[in-house]
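Notes to accompany the following structure.
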2 protein chains.
Amino acid sequence: MQKTAAILAIGDELLSGRTRDANMHYLAGWLTERGVELKEARVVGDDSDDIGAALNALRGKYDYVFTSGGIGPTHDDITVDAIAAALGVSVIEHPRAAAMIRHYYSKRDIEVTPARLRMARTPEGAHLIENPVSGAPGVRIENIFVMAGVPRIFQAMLNAIEGEIERGAVIHARAATAPNLPESMLADQLREIQGALKGVSLGSYPIDGDEKGVTVVARSMDEAVATSAIEAVCAAMRALGVDPRLEDRR
Amino acid sequence: MQKTAAILAIGDELLSGRTRDANMHYLAGWLTERGVELKEARVVGDDSDDIGAALNALRGKYDYVFTSGGIGPTHDDITVDAIAAALGVSVIEHPRAAAMIRHYYSKRDIEVTPARLRMARTPEGAHLIENPVSGAPGVRIENIFVMAGVPRIFQAMLNAIEGEIERGAVIHARAATAPNLPESMLADQLREIQGALKGVSLGSYPIDGDEKGVTVVARSMDEAVATSAIEAVCAAMRALGVDPRLEDRR
């Protein structure tokens with residue numbers, strides 16, 4: 001049985017158009033490679049009630065919830081407080097987090113200010129997630145991983161929790177691209193192949209770049225089924241006079 | 001009073017890591033320029049229940065809901081059916097949509113297949129959203145705008161609904177960047193400026209590219225307040241020995 005997951009990205013800057021979120025897409029690929037199914041993503045602003053409502057909706061529904069953003073040293077970093085409030089626990093200064101932050105800055109001859117120590121605050125009962133990039137740790141509490149918004153730190157924190165994620169069967173994916181073929185030309189054939197084969201999911205994605213055309217992806221827990229499905233798709237593409245390009249990809 | 005909005009991006013490919021969503025970020029900027037506040041974004045897969053649950057949560061909460069994805073001609077395009085089910089209305093073949101699709105393909109000497117006509121199906125009571133790129137229209141029903149997932153078509157459909165969105169007061173934003181300054185050095189000063197000025201929201205965003213540093217954005221409905229806030233931020237940056245770079249941006 002595959003585990004399920006959701007991500008909650010937090011930050012006004014994501015909703016104002018200032019910043020384009022990168023963590024959702026990275027996490028999606030990372031989880032897929034580990035056989036964990038990302039089922040839902042949400043983005044909310046720096047608002048404690050909005051964060052809490054989204055978190056409470058997601059944490060009961062999925063095996064893992066990842067948050068990104070709002071755990072830095074400034075006044076607009078409210079994720080830890082919002083999560084503690086949503087869980088009904090208090091916020092403490094985590095002794096080991098404080099030690100990690102003191103160690104990180106002292107080693108670099110930088111003063112350990114109260115603002116920096118703010119990053120040692122965690123919901124009571126939390127475990128820490130190592131941050132090799134910039135010292136201040138992330139936090140795990142229950143099934144929630146509270147991580148940084150800066151993509152390089154988010155990714156480093158994912159590495160750090162590798163062992164805490166239960167891997168599942170990886171879905172086998174095969175893709176075939178038909179250059180210059182409008183996807184509507186293939187619609188009937190795809191519906192038929194989808195109906196005839198069990199345990200496969202066919203996705204059809206129009207390409208709208210310099211090259212036009214369509215990519216069809218067959219996904220299955222059974223590698224042989226994914227392969228037969230994509231072979232049937234390729235045959236349908238060839239029958240329409242195009243030469244499909246094959247790829248192994250999600 | 002600013003109107004509020006949410007986006008619901010739909011597609012397995014967004015959650016598998018195959019495709020990086022681009023519409024959320026584009027819409028965020030587009031709405032901000034029009035004085036509409038994007039409050040929440042969600043991504044769900046091609047699952048009728050998941051689409052319906054998210055849609056029903058969002059449409060009662062915000063003035064406008066935009067969906068992207070799942071309105072093409074293939075079997076995995078289920079957005080129209082899922083939305084009709086969520087609203088408790090039936091799906092019809094919309095006569096004008098069918099005419100638009102027939103016209104688009106006939107003009108190009110392409111056959112109008114049943115798969116292509118599938119794109120004329122709408123929830124009963126819907127209005128159409130013109131699609132100058134590829135013929136098949138989007139759909140508006142109640143406060144929901146049902147749009148394509150392909151970014152170029154999504155953007156063209158936004159142009160087409162320009163007149164249906166009630167503009168609000170545009171938020172004034174001023175940004176100051178301090179190269180090579182860790183944001184924790186500014187945390188106390190930002191908290192103080194935020195506390196002293198009314199009607200302004202200060203955001204602090206660490207930069208993690210080739211250049212390090214921090215960008216602070218002051219947002220306010222009152223241009224003069226945004227300007228005073230950013231001037232105070234710049235003074236604090238200068239007091240730390242850095243020369244800030246100013247920008248007008250969200």
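One table, with the values for the structure above:
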item: Matching strands (runs of 3 or more DSSP E) fully within region B:23-115 where at least 3 residues are free of Cβ contacts under 8 Å to residues at least 60 places away in the same chain; result: B:37-44, B:91-93
item: Total residues in region B:113-136, condition at pLDDT below 95 and crowded, with 16+ Cβ neighbours inside 10 Å; result: 9
item: Residues of region B:173-193 satisfying the condition of being open to solvent by 50 Å² or more (accessible area, probe 1.4 Å) and over 19 Å from A:Leu117 (Cα atoms); result: B:Asn180
item: Residue within region B:141-148 that is in the same structural domain as B:Met24 (by TED's automatic domain parsing) and surrounded by fewer than 19 Cβ atoms within 10 Å (Cβ to Cβ) present; result: yes
item: Residue in region A:46-63 that is nearest to the other protein chains (Cβ to nearest Cβ), counting only those that are under 11 Å from A:Leu8 (Cα atoms) and surrounded by 20 or more Cβ atoms within 10 Å (Cβ to Cβ); result: A:Ala54
item: Test: residue in region B:82-103 that is touching an Asp or Glu at 6+ places or on another chain (Cβ under 9 Å), of a type outside the set (D, E, K, R), closer than 30 Å to A:Gly72 by Cβ and surrounded by fewer than 21 Cβ atoms within 10 Å (Cβ to Cβ); result: no
item: Members of region A:191-226 found to be of a type in the set (D, E, K, R) and part of a helix (DSSP H, G or I), listed by number; result: A:Arg191, A:Glu192, A:Glu223
item: Every residue from region B:4-22 that is free of Cβ contacts under 8 Å to residues at least 24 places away in the same chain and either assigned to a helix (DSSP H, G or I) or of a type in the set (Gly, Ala, Ser) (or both); result: B:Glu13, B:Ser16, B:Gly17
item: Residues within region A:85-125 that are of a type in the set (A, V, I, L, M), under 26 Å from the mean Cα position of the chain (by Cα) and within 14 Å of chain B (Cβ to nearest Cβ), tallied; result: 2
item: Answer residue from region A:173-204, given it is of a type in the set (A, V, I, L, M, F, W, C) and within 20 Å of B:Gly69 (Cα to Cα) and is farthest from the other protein chains (Cβ to nearest Cβ) among those; result: A:Leu181
item: Residue that is nearest to B:Ala115 (Cα to Cα) [pool: residues in region A:163-172 that are open to solvent by 60 Å² or more (accessible area, probe 1.4 Å) and away from every other protein chain (no Cβ under 11 Å)]; result: A:Val170
item: Matching residues in region A:20-38 - criterion: being facing chain B (nearest Cβ under 7 Å) and either over 10 Å from A:Phe66 (Cβ atoms) or open to solvent by 20 Å² or more (accessible area, probe 1.4 Å) (or both); result: A:Arg20, A:His25, A:Ala28, A:Gly29, A:Thr32
item: Meets criteria (at pLDDT 95 or above, out of contact with any helix residue (DSSP H, G or I) (no Cβ under 7 Å at 6 or more places or on another chain) and among the β-branched types (Val, Ile, Thr)) for A:Val89; result: yes
item: Hey, A:Ala232 open to solvent by 30 Å² or more (accessible area, probe 1.4 Å) and not β-branched (Val, Ile, Thr) or not; result: yes
item: The lone exception for A:Gln155 - which of (1) polar (S, T, N, Q); (2) over 30 Å from A:Leu58 (Cα atoms); (3) surrounded by fewer than 19 Cβ atoms within 10 Å (Cβ to Cβ) it fails; result: (2)
item: Unmet requirement for A:Thr74, which otherwise passes all of (1) hydroxyl-bearing (Ser, Thr, Tyr); (2) surrounded by 23 or more Cβ atoms within 10 Å (Cβ to Cβ); (3) more than 8 Å from chain B (Cβ to nearest Cβ); result: (3)
item: Scan of region B:146-158 for residues that are assigned to a helix (DSSP H, G or I) and in contact (Cβ under 8 Å) with a residue 24 or more places away in the chain, ordered by number; result: B:Pro151, B:Phe154, B:Gln155, B:Ala156, B:Met157, B:Leu158
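The values are calculated or read from the model by the stated rules, or taken from the named source; none is laboratory data. Small disclaimer: the values here were computed from a predicted structure and weren't measured. Here Cβ is always computed from backbone atoms with ideal geometry, including for glycine, and neighbour counts include all displayed protein chains. To get the accessible areas, we keep the full protein, side chains included, count just its heavy atoms, and leave off ligands, DNA and RNA. Shrake-Rupley method; radii C 1.70, N 1.55, O 1.52, S 1.80 Å.
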